[in-house]
1. Does VAL131 count as among the aliphatic types (A, V, I, L, M), open to solvent by less than 10 Å² (accessible area, probe 1.4 Å) and either without any contact (Cβ under 8 Å) to a residue 60 or more places away in the chain or outside any helix (DSSP H, G or I) (or both)?
2. Could you figure out which of (1) open to solvent by less than 40 Å² (accessible area, probe 1.4 Å); (2) free of Cβ contacts under 8 Å to residues at least 24 places away in the same chain isn't true of ALA407?
3. Condition (residue is modelled with pLDDT under 90, β-branched (Val, Ile, Thr) and open to solvent by 10 Å² or more (accessible area, probe 1.4 Å)) applied to the stretch 314-334: is it met by at least one residue?
4. Check off (1) closer than 30 Å to GLU219 by Cα; (2) at pLDDT below 90 for VAL152 and give me the number that stays unchecked.
5. Is the stretch 103-110 home to any residue that is open to solvent by less than 10 Å² (accessible area, probe 1.4 Å), touching a residue at least 12 places away in the same chain (Cβ under 8 Å) and not aliphatic (A, V, I, L, M)?
6. Inspect all residues belonging to the stretch 111-124 and state whether any of them is surrounded by fewer than 22 Cβ atoms within 10 Å (Cβ to Cβ) and of a type in the set (S, T, N, Q).
7. Looking at ALA432, ALA419, ALA425 in this structure, which one is touching a His at 6+ places or on another chain (Cβ under 8 Å) and crowded, with 24+ Cβ neighbours inside 10 Å?
Amino acid sequence: MTPPKDSSSRSSSKSSSGNPVVSSFLVRRSPVYYGWIVLAMSTLGMAATLPGQTAGVSLFIDSFIEDVGLSRSLVSWLYTAATVLGSLALPLMGRLVDRWGPRRMATLAVGLFALSCAGMGQAGGWIGVFVGFVCLRCFGQGTLGLINNHAVNLWFERRRGLAVGILGLGMAGATALFPPLIEEGIQAYGWQRTYLIMGGILAGAVLPLGALLYRDAPERYGLSPDVENAASETGASGTEASETGAPETSGPEESGPEELGLETGAASEDEEKAPGETRGETQGKSRDTQGGSRDTQCGSQDASAVGGIEPGVAYRTRTFWLFTGAGVYAAGLGTGLLFHHFSILEEAGIGRDLAAEFFIPLGALTAALNVGTGWLVDRYPPRLLLAAELVLYGALTGLLPWADTTAEVWAYGSVFGVAQGMHQALLGSVYAYYFGRLHHGTIRGLANTVFIGGTAIGPALLAVGPDFLGGFAAILWILTPVPFLLGAAALAGWAAGWDAATLQRAR
């Protein structure tokens, strides 16, 4: 039995494939595992995406209508077209994140996002508003959101769900806290100057912090996901497993077809360790699934240390399209409801002041369920959690047209917050959970493009209600069966163990 290696041996000058290990003062001197620093920075980065999120853009819609002279319908379609156009860049951005790493890409994205906010403050016609929408959605909601998610998935495996859940606190907290501040800024300084202020905050605070604190995959610094000294956790038993080829597991076990339904990548914790270990869907750890060595992370990432399924294999699985399809529905519905929020509740007889209270339970419960669902993802099959989330969305659309009291508005915000929190935690972790970390940026980039397509369709689709069906209630009821059908598909996928053989052969 080979004795477990200590941290100094793991932080040797070369990785197992001969690629150099990078020395970082911040990583080396961090009092905690540096992944927590990356998580903190990424959480701040998620909060910083608010100007490109619908919750942030919706605060300026009336200003575009009144000051720029655009109709509500035109603004909706400009937003839809800009969202689709901006999302087309995300597959490329995902590949660049895989190649260049989160640190360089985050610096570039935040800089461009800050310029986009400053430029939006100069928009004087529909062309300027359209170009501003494209840039805000591409560099903020799309690229920066992708980078934050990717960075966290690189640094965590066994606690990935919890880490991604904590990441969601950034967006949830921003949704709860910043809209009132932005509204005050619009009232005090005007919408143009408010956009300039937001751009200045991004450039003056978020950009330098990101350049300082973001880091690429832990293997690049001689570390492993989740722990600074992996040898201290694996010990002799982990080394023995690597010598015998037996998979190492932790956490609750589950029998049935789901056990074969997951392949994810992890760091090689021993220079002589052979890849090929697998993880069940509810196990707490995942191990390397691919051999060989390819430079994929900033030119020095060891592919035998960072495992994952090839994108072409992932795209052919029903698992990929189940979660992507559910993501499209949730993104489209959520965006549409937020975009038309005040109009929907006005139709039900709710005033603007009471309608604004909706954001309080929305933000609080989105934050709570982000963390709670992240904890559950580390322990239970994501397909079961997806089915529960979709039932909530079905109840939301079915009951919303009857919300006409203070209690019902708060209940609406609460159910919406629970569903959104579950959605963000699930979709933030399942792609790395099922397909590994090696090509996570590429796989997630395509998924994000499809998601953002859903956010583009949502506002226009809900607008069909008042334009052609006499109100929002009719279109909401038409959409109600969709999440229940998707939830049934999630249960079927869990019961049948979708893609188990494909993912097993893809090692």
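1. It is false that VAL131 is among the aliphatic types (A, V, I, L, M), open to solvent by less than 10 Å² (accessible area, probe 1.4 Å) and either without any contact (Cβ under 8 Å) to a residue 60 or more places away in the chain or outside any helix (DSSP H, G or I) (or both).
2. With respect to (1) open to solvent by less than 40 Å² (accessible area, probe 1.4 Å); (2) free of Cβ contacts under 8 Å to residues at least 24 places away in the same chain, ALA407 is out only on (1).
3. Checked against the condition, which is being modelled with pLDDT under 90, β-branched (Val, Ile, Thr) and open to solvent by 10 Å² or more (accessible area, probe 1.4 Å), the stretch 314-334 yields no hits at all.
4. So the condition that VAL152 fails would be (2).
5. So far as the stretch 103-110 goes, no, none of its residues is open to solvent by less than 10 Å² (accessible area, probe 1.4 Å), touching a residue at least 12 places away in the same chain (Cβ under 8 Å) and not aliphatic (A, V, I, L, M).
6. The answer is yes; a qualifying residue exists.
7. Result: ALA432 is the single residue among ALA432, ALA419, ALA425 that is touching a His at 6+ places or on another chain (Cβ under 8 Å) and crowded, with 24+ Cβ neighbours inside 10 Å.
Results for (1) over 21 Å from the mean Cα position of the chain (by Cα); (2) closer than 21 Å to LEU462 by Cα; (3) not aliphatic (A, V, I, L, M), shown as yes or no for each residue.
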| site | (1), (2), (3) |
| --- | --- |
| ALA367 | no, no, no |
| LEU376 | no, no, no |
| ARG379 | no, no, yes |
| THR397 | yes, yes, yes |
| THR405 | yes, no, yes |
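The values are calculated or read from the model by the stated rules, or taken from the named source; none is laboratory data. This structure is a prediction, so every number in the text was calculated from the model and none was measured. Reconstructed Cβ throughout: ideal geometry from the backbone, glycine too, with neighbour counts over all protein chains shown. Quick note on the areas: whole protein, heavy atoms, side chains included, nothing else; ligands and nucleic acids left out. Shrake-Rupley method; radii C 1.70, N 1.55, O 1.52, S 1.80 Å.
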